[in-house]
């Protein structure tokens, strides 16, 4: 079946350092990938997305990298701030065109002051 | 002016009861979704509706029934609640079915359901 996994359940970084959160997916037919941030007690919040015809996309302090060869997705956060502390999820569309998103397990990012 | 709103935020009830969770979006989106997030934070889709039509219906017990009175609302009714139904339920919406498009799903704040 389809699955999306993250390499580490928890990532602890020092404020100001760069963070890299990784995600592996299983379905090579997936053509759309998204990163979400979920703060405690809130719903997932869209961060950045990327389509399969790209390998890199940049936003404000965030960069998503897609390696289709090894089916790997990563989220890089530059100059990590305390407000970045949250659970981060990657999601993919899988082989469906119904809008169904398959979510990974989530990585908890802890930012130390 | 919340984009996707859910009520109630917290719901505590006894086993066997019937309850409903409401969701409304004011983004003018065509598609709405219900997700369940378990105690390990795993998010899984349950249903989606596009213009009031059921599009996705994952393997969910028949006790769960979504209802879409109009495209801005998608309610979730749960019959005969069980302990295992305890979770956080999220509503989401997107502009259209993202079949190869980049229509982002926007999530509500969630409803924490506790079944005693």
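The values are calculated or read from the model by the stated rules, or taken from the named source; none is laboratory data. Bear in mind the structure is a predicted one, so any value in this text is a computation, not a measurement. Every residue, glycine as well, gets a Cβ built from its backbone with ideal geometry; the counts of neighbours run over all protein chains shown.
Evaluate the range A:31-46: report whether one residue or more is in contact with a strand residue (DSSP E or B) (Cβ under 9 Å, 6 or more places away or on another chain), assigned to a strand (DSSP E or B) and more than 25 Å from residue B:40 (Cα to Cα). Checked against the condition, which is being in contact with a strand residue (DSSP E or B) (Cβ under 9 Å, 6 or more places away or on another chain), assigned to a strand (DSSP E or B) and more than 25 Å from residue B:40 (Cα to Cα), the range A:31-46 yields no hits at all.
Kindly evaluate residue A:87 against the criterion of being away from every other protein chain (no Cβ under 14 Å), in contact (Cβ under 8 Å) with a residue 40 or more places away in the chain and part of a strand (DSSP E or B). It is false that residue A:87 is away from every other protein chain (no Cβ under 14 Å), in contact (Cβ under 8 Å) with a residue 40 or more places away in the chain and part of a strand (DSSP E or B).
Matching residues to (1) more than 14 Å from chain B (Cβ to nearest Cβ); (2) surrounded by fewer than 17 Cβ atoms within 10 Å (Cβ to Cβ); (3) in contact with a helix residue (DSSP H, G or I) (Cβ under 7 Å, 6 or more places away or on another chain):
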{"position": "A:45", "(1), (2), (3)": "no, yes, no"}
{"position": "A:51", "(1), (2), (3)": "no, yes, no"}
{"position": "A:78", "(1), (2), (3)": "yes, yes, no"}
{"position": "A:82", "(1), (2), (3)": "yes, yes, no"}
{"position": "A:101", "(1), (2), (3)": "no, no, no"}
{"position": "A:105", "(1), (2), (3)": "no, no, no"}
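Looking across B:87, B:3, B:92, one residue alone is surrounded by 21 or more Cβ atoms within 10 Å (Cβ to Cβ), in contact (Cβ under 8 Å) with a residue 24 or more places away in the chain and within 26 Å of residue A:39 (Cα to Cα). It is B:92. Quick check, is residue B:43 surrounded by fewer than 16 Cβ atoms within 10 Å (Cβ to Cβ) and either over 17 Å from residue A:45 (Cα atoms) or at pLDDT 90 or above (or both)? Spelling it out, it is not the case that residue B:43 is surrounded by fewer than 16 Cβ atoms within 10 Å (Cβ to Cβ) and either over 17 Å from residue A:45 (Cα atoms) or at pLDDT 90 or above (or both). Pull up the range B:27-45, narrow it to residues that are in contact (Cβ under 8 Å) with a residue 24 or more places away in the chain and in a strand (DSSP E or B), then point me to the one that is nearest to the other protein chains (Cβ to nearest Cβ). It comes out as B:43.
Annotation note: of A:13, A:62, A:111, the sole residue that is in contact with a helix residue (DSSP H, G or I) (Cβ under 6 Å, 6 or more places away or on another chain), farther than 25 Å from residue B:55 by Cβ and away from chain B (no Cβ under 14 Å) is A:111. Scanning the range B:70-85 for residues that are under 14 Å from the mean Cα position of the chain (by Cα) and farther than 12 Å from residue B:21 by Cα returns B:71, B:72, B:85.
Of the candidates B:109, B:61, the single residue that is out of contact with any strand residue (DSSP E or B) (no Cβ under 8 Å at 6 or more places or on another chain) and either more than 14 Å from every other protein chain (Cβ to nearest Cβ) or surrounded by 15 or more Cβ atoms within 10 Å (Cβ to Cβ) (or both) is B:61.
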